[in-house]
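Shown next, in structure tokens, is the structure this report addresses.
The values are calculated or read from the model by the stated rules, or taken from the named source; none is laboratory data. This is a predicted model, so every value here is computed, not measured. Note: ideal-geometry Cβ built from the backbone for every residue, glycine included; neighbour counts use all protein chains shown. Note: accessible area is taken over every heavy atom of the protein model, side chains too, but ligands, DNA and RNA are not part of it. Shrake-Rupley method; radii C 1.70, N 1.55, O 1.52, S 1.80 Å.
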Amino acid sequence: MANHDTPAFTKLTPAPRRGIPVSFELVAGLLLAAFALTLPAYASVYVLYMASLVAINSIATVGLNVTVGYTGLLSIGHSAFIGVGAYAAGLSMIHLGTPLFINIVIGALAAFSVGIVFGVPSLRIKGVYLAIATLAAQYSLYFIFQQWTSVTGGDRGLSLPATNLFGMGDVGFYYGVLLIAVVLFTGARNLFRTRLGRSFIAVRERDYAAQVLGINVVRAKLLAFGIGAAFAGVAGALTAHFLRLVNPDQFTLLVSVFFLAAVVVGGRASIVGSILGAAFMTLLPEVLRGILAALPIQGQTNVAGLLSPLREIIFGLLIIGFLMFEPRGLKGILDRMLGRHDSVAESEAD
């Protein structure tokens with residue numbers, strides 16, 4: 001992570017890349033793109049389902065990393081913003097019949113607006129006090145999702161029709177999610193090469209020093225919350241179309257902890273780390289389910305009963321373990337494997 005003894009203005013210029021050549025990164029990127037594009041040709045329905053889920057969770061994790069990793073504003077109410085995007089998209093689809101891509105824009109704008117509102121406390125408080133304020137947002141929005149039955153359907157939720165994107169069913173939806181994810185990841189990467197993105201990093205280092213440098217700290221903090229929530233809104237809209245169901249239980253505090261764990265495990269202030277963390281945290285329960293199913297346990301009920309508490313315990317242990325032993329997360333481990341030594345500066349530009 002960044003050294004807080006270094007003035008904020010020294011962080012505004014990225015250090016030159018060292019270690020692995022760019023050609024290797026290009027080849028790795030092309031191979032990954034080829035794998036993602038050809039996956040439906042040989043993957044099962046289950047694998048395609050998990051790949052779509054990883055992409056959606058990666059979008060939400062990148063949004064949280066914009067707020068937490070790059071700007072240093074602790075938020076533990078991220079799933080509530082996902083819920084805003086999901087309900088906005090679902091209601092638009094039900095009542096207006098709008099297509100997927102329009103619903104994504106609607107979900108992003110709705111979540112952005114709500115994120116700006118709940119980002120106001122960040123102007124006066126920080127650290128654990130800000131976390132408590134975002135916790136209030138989590139419970140307030142969850143209460144609205146559950147109790148505003150005439151709009152949200154309450155505990156029953158909203159049921160949505162199937163989305164047949166490009167006339168290709170599940171495969172078309174997978175390609176649609178992949179396209180949206182690539183666009184958003186590229187946008188997030190380029191954001192931190194702009195003046196606005198660098199202002200986020202300066203605020204994270206020292207907001208008082210950033211203000212002295214002429215950065216509008218109020219604007220930077222509010223936009224950090226808004227942009228992070230907008231990414232969550234996109235993920236929520238995709239989730240609504242993906243699951244064809246929007247229910248308050250999809251947006252609980254545990255889900256917010258899941259995304260916070262994905263940021264910590266993957267690597268703060270890194271787009272690549274966000275993707276790695278989201279993939280790891282999404283696939284981990286499936287690995288645990290496979291391990292438990294292979295154990296001599298009588299009945300599937302016992303497996304399901306063990307999985308939920310075991311998953312929560314492992315999430316907590318992962319957060320503690322990575323904070324103690326590998327603060328840069330999976331991205332830091334990857335950097336060392338590839339021979340990079342200055343991953344802090346690189347993570348800011350990822």
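Amide H neighbours of LEU245 under 5 Å, at least 5 residues apart or on other chains, H built in the peptide plane: list them.
Residues meeting the criterion, in which the H sits 1.01 Å from N, are LEU160.
Tell me, what HN-Hα J-couplings in whole Hz come from the Karplus equation 6.51 cos²θ - 1.76 cosθ + 1.60 at θ = phi - 60° for each residue of the range 319-334, using x for Gly and Pro?
Running phi through 6.51 cos²θ - 1.76 cosθ + 1.60 with θ = phi - 60° gives 4, 5, x, 5, 5, 7, 10, 8, x, 8, x, 4, 5, x, 5, 4 Hz.
Under 10 Å, Cα contacts only: if you run a Gaussian network model on the chain, which one of ILE132, ILE116, ILE82 comes out with the highest mean-square fluctuation?
The residue that fluctuates most here is ILE132.
Within 10 Å, count the other beta carbons around each residue, average over each peptide in 141-152, 221-232, and list them highest first.
Top of the packing list down: 221-232, 141-152.
Tell me what the chain gives for mean residue ellipticity at 222 nm when only DSSP H runs of n ≥ 4 count, each as -39,500 (n - 2.57), the sum divided by the residue total, rounded to 500 deg cm²/dmol.
-24000 deg cm²/dmol
Once amide H atoms are built 1.01 Å from N in the peptide plane, which residues 5 or more positions from LEU73, or in another chain, come under 5 Å H to H?
VAL68
Got a sec to turn the phi values of the range 229-242 into Karplus ³J(HN,Hα) couplings, 6.51 cos²θ - 1.76 cosθ + 1.60 with θ = phi - 60°, whole Hz, x for Gly and Pro?
Each residue's phi maps through the Karplus curve to give 5, 5, 4, 4, x, 4, 4, x, 4, 5, 4, 4, 6, 5 Hz.
So, counting K/R as plus one and D/E as minus one, what does the shell of residues with Cβ under 12 Å around LYS221 add up to?
Numbers: positive: ARG124, LYS126, ARG204, ARG219; negative: ASP207.
Local charge sum for LYS221: +3.
Convert each backbone phi in the range 275-288 into a coupling constant with the Karplus relation 6.51 cos²θ - 1.76 cosθ + 1.60 (shift: θ = phi - 60°), then list the ³J(HN,Hα) values in order as whole Hz, x for Gly and Pro.
5, 4, x, 5, 5, 4, 6, 6, 7, 4, x, 5, 5, 4
Taking the chain as a Gaussian network, where each spring joins two C-alpha atoms under 10 Å apart, which residue of GLY72, GLY329, GLY321 fluctuates the most?
GLY321
Calculate what fraction, in whole %, of the accessible area of the range 65-178 sits on carbon and sulfur atoms when a 1.4 Å probe is rolled over the protein chains.
Whole-percent figure for carbon plus sulfur exposure: 70.
FRET efficiency for ASN190 and ALA28, Cβ-Cβ distance as r, R0 = 30 Å, nearest 0.05?
With R0 = 30 Å, the Cβ-Cβ based efficiency is 0.95.
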